[in-house]
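Quick notes on the structure that follows.
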Amino acid sequence: MIKQIETKIKKAENLYKLGNYDNAQKICKQILRSDSTNSSALTILGNINFLQHNYEQALLYYKQIEANSSQDFINLLNLSNVYFEQNNFEQSQQYAELALKYHSDDITALSLLGNSLMAQEKLDSALNVFETLLKYKPNDCWTLNSMSQIWQKKADFQKAFDYAFSAVIHSCGDDAQQLNLGYFLYETAIEKGYASIKDMVSLWKEKYGELPQVSYMINALENNNKIEVAEQSYLENVFDNFAGSFEQVLSGLQYAAPQYVAQYVQEFYSTLGWRKLHILDAGCGTGLCGIFLKKYASWRGLHGVDISQGMLSEARKKKLYNKLYQQELCEFLFEHKKQYDLITAADVLTYFGNLENVIKGFAYALKKHGRIIFSITQNSITDSDWFLHPSGRFIHTFNYIKLIIKKYNFILEKSELKQLRLENDSPVMGYIISIRKNN
C-alpha cells in the first residue's frame, strides 16, 4: 500500500511539473481518500490552487499539513506566501519568522519576511532584512529593487535611484527592472518636480537610451510633444508584467471605465431583442469589458484584440471571447473592413496621442451606422490637442475629439465627464463617449 502511494505521488509530482494540473489533482485526491494526512498530496494540491490564484483553497490544504506537522519548513514558506498574496501581511510575517527559526539563512524566507514588513510600512525592519539578503546575494535585482522602494518611502530619492539603477545593471537591462526604474522616476517627478530627477534621467539615457521602451519612458518624463503614439515594446512589456495582478491593482485605484462603457452599452442596446451584434473589444486586456459585452454578441460574435500576450492569457481564462488576437490595434482594424457593429475601447486611446489613424481605423472596421463607445483622459494641463503625460499615457482635449470624429464622418451621440480612476491618490478625470458612423 505504501509503495502504491509513493508511486502515485511521483506520478502526481511529474504531472504537476509538466503543468498537467487536472490529472495531478485527480491522483492527489485519490491518495487522500486512503491517506487523508499525506503531506505530499496536500502540498501539490495547495501549490496548484496557489498558482491558479485560488488562495483560499490553497490555504485550506496548507493548514491541513500544519495541523499534522507544525514544523514542516516548506509548508511554513507556503503559508507565508499565500498570506502575502491575500494581503494578510502580518500573518505572512509570522510564518516567515517561524520558517527562519529552522533555516535562518534561507533566501525565500528572508525575502518573504522583508516584503511583508515593507508592506506593513515597517521600513527599518524591512531594510535590515534586505541588507542581510544582499550579503548572501549581493547582485539580486529584486532585492535591490526592494531596497529602492524602501528608500523612496523614506524620501531618500538619491539612494532609491542608486538601488533601482543597480537593479537594472545587475539584471543586464531586464525589461521589468527598466519599467520599475521608470515608475520610480515618474513618481519622484510628480512628488518633487522634474528638476529633482533630471540628472538621474541623463544617466539612464546615457546607458540605456537607445532601447525603444526606455526612450519612450524618457520622452514621457520630458513631455516630448513630438511623440504621437506609445511605443509598442513598451506597451507589451508593461502589460505582460502587469497581467497577473492587473485586476487587483485596478480595483485599488477605483478604476471605473469598463463600468461606464457597460452603462452606455446597456442604454443603447437595451431593446436589441433577438438581433445580436458583432462586437470588437479593442484593447480587451483581461476581459473586464467582455464580461458584460457577451450577452449582446451574436453567435461567435465577440472578438478581442490586445498587444499583450500576458493580458490575452488572462482574458482567455474567462472563456468570453470567440476570437482573441494579439496585434497592434490600428494594424488589426485595417485588416477587418466593415466587420463590426460595435467597438468598445476602455482606456485604450490613452496610448495614442494623435488619434487620426485609430479613428480612421475604427471607421474602416465598422459596419454601416456602427458605433464606438470609448474613454479618453481629459487634458486640463495644456492647450494642445494631446499631451504626453510623464506616466506614459496621453491626455486629450474634448475639442480635439469633436474635430477628429467629424473629420471621419462620425456623429457624437453622448459624452460625459467622469472620474476614471485614482492616480497617486488623486482623481483622474476623463470622458466616456459614444459616436456613431454616419453612413
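The values are calculated or read from the model by the stated rules, or taken from the named source; none is laboratory data. From a predicted model like this one, the values you see are computed outputs, not experimental measurements. In this analysis, Cβ positions are derived from the backbone assuming ideal geometry, glycine residues included, and neighbour counts consider all displayed protein chains.
Just a few scattered comments:
- Residue check for Asp425: free of Cβ contacts under 8 Å to residues at least 12 places away in the same chain, over 15 Å from Ile343 (Cα atoms) and not polar (S, T, N, Q): yes
- Matching residues in the stretch 134-151 - criterion: being touching a His at 6+ places or on another chain (Cβ under 6 Å) and either in a helix (DSSP H, G or I) or without any contact (Cβ under 8 Å) to a residue 24 or more places away in the chain (or both): Cys141
- In the set (1) among the aliphatic types (A, V, I, L, M); (2) within 20 Å of the chain's Cα centre (by Cα); (3) at pLDDT 95 or above; (4) surrounded by fewer than 16 Cβ atoms within 10 Å (Cβ to Cβ), Leu420 fails one condition alone, (4).
- Among helices (runs of 4 or more DSSP H) entirely within the stretch 59-127, having at least 2 residues that are farther than 23 Å from Ser40 by Cα and not polar (S, T, N, Q) singles out 89-102, 107-119.
- Restricting the stretch 212-250 to residues that are of a type in the set (Gly, Ala, Ser) and at pLDDT below 95, the residue that is surrounded by the fewest Cβ atoms within 10 Å (Cβ to Cβ) is Ser245.
- Here the stretch 82-133 is the region considered, the condition is being within 20 Å of Tyr61 (Cα to Cα) and among the hydroxyl-bearing types (Ser, Thr, Tyr), and the residue that is surrounded by the fewest Cβ atoms within 10 Å (Cβ to Cβ) is Tyr83.
- Taking the stretch 26-54 as the range and being of a type in the set (S, T, N, Q) and over 20 Å from Asn68 (Cβ atoms) as the test, the residues that pass are Gln52, Asn54.
- Residue selected from the stretch 323-349 under the condition touching a Leu at 6+ places or on another chain (Cβ under 9 Å) and assigned to a helix (DSSP H, G or I), by the criterion farthest from His303 (Cα to Cα): Leu349
- Filtering the stretch 190-212 to residues that are in contact with a Ser or Thr (Cβ under 7 Å, 6 or more places away or on another chain) and either touching a residue at least 24 places away in the same chain (Cβ under 8 Å) or over 26 Å from Gln232 (Cβ atoms) (or both) leaves Ser196, Ile197.
- Taken over the stretch 423-434, the criterion of being at pLDDT 95 or above and either of a type in the set (Gly, Ala, Ser) or not assigned by TED's automatic domain parsing to the domain that holds Glu356 (or both) is satisfied by Gly430, Ser434.
- Residues in the stretch 270-318 that are charged (D, E, K, R) and closer than 17 Å to Cys330 by Cα: Asp281, Asp306.
- Given (1) closer than 15 Å to Gly392 by Cα; (2) of a type in the set (Phe, Trp, Tyr); (3) buried (at least 20 other Cβ atoms within 10 Å of the Cβ), number of the condition Trp204 does not satisfy: (1)
- The set of residues in the stretch 184-204 that are of a type in the set (Ser, Thr, Tyr) and modelled with pLDDT of 95 or more comprises Tyr186, Thr188, Ser196, Ser202.
- The stretch 284-318: number of residues that are on the phi > 0 side of the Ramachandran plot and surrounded by 24 or more Cβ atoms within 10 Å (Cβ to Cβ): 2
- Residue in the stretch 140-159 that is at pLDDT 95 or above and farther than 25 Å from Glu187 by Cβ present: no
- Restricting the stretch 341-395 to residues that are hydroxyl-bearing (Ser, Thr, Tyr) and surrounded by 22 or more Cβ atoms within 10 Å (Cβ to Cβ), the residue that is nearest to Ala256 (Cα to Cα): Ser375
- Out of Leu288, Leu320, Leu293, one residue alone is among the aliphatic types (A, V, I, L, M), over 23 Å from Gln232 (Cβ atoms) and part of a loop (DSSP other than H, G, I, E, B). It is Leu320.
- Residue check for Asn399: in contact (Cβ under 8 Å) with a residue 24 or more places away in the chain and either surrounded by fewer than 22 Cβ atoms within 10 Å (Cβ to Cβ) or aliphatic (A, V, I, L, M) (or both): no
Every residue, every condition in (1) small (Gly, Ala, Ser); (2) within 27 Å of Glu267 (Cβ to Cβ); (3) out of contact with any Cys (no Cβ under 7 Å at 6 or more places or on another chain); (4) modelled with pLDDT under 95, yes or no:
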residue: Trp299; (1), (2), (3), (4): no, yes, yes, yes
residue: Lys317; (1), (2), (3), (4): no, no, yes, yes
residue: Leu320; (1), (2), (3), (4): no, yes, yes, no
residue: Gln327; (1), (2), (3), (4): no, no, yes, no
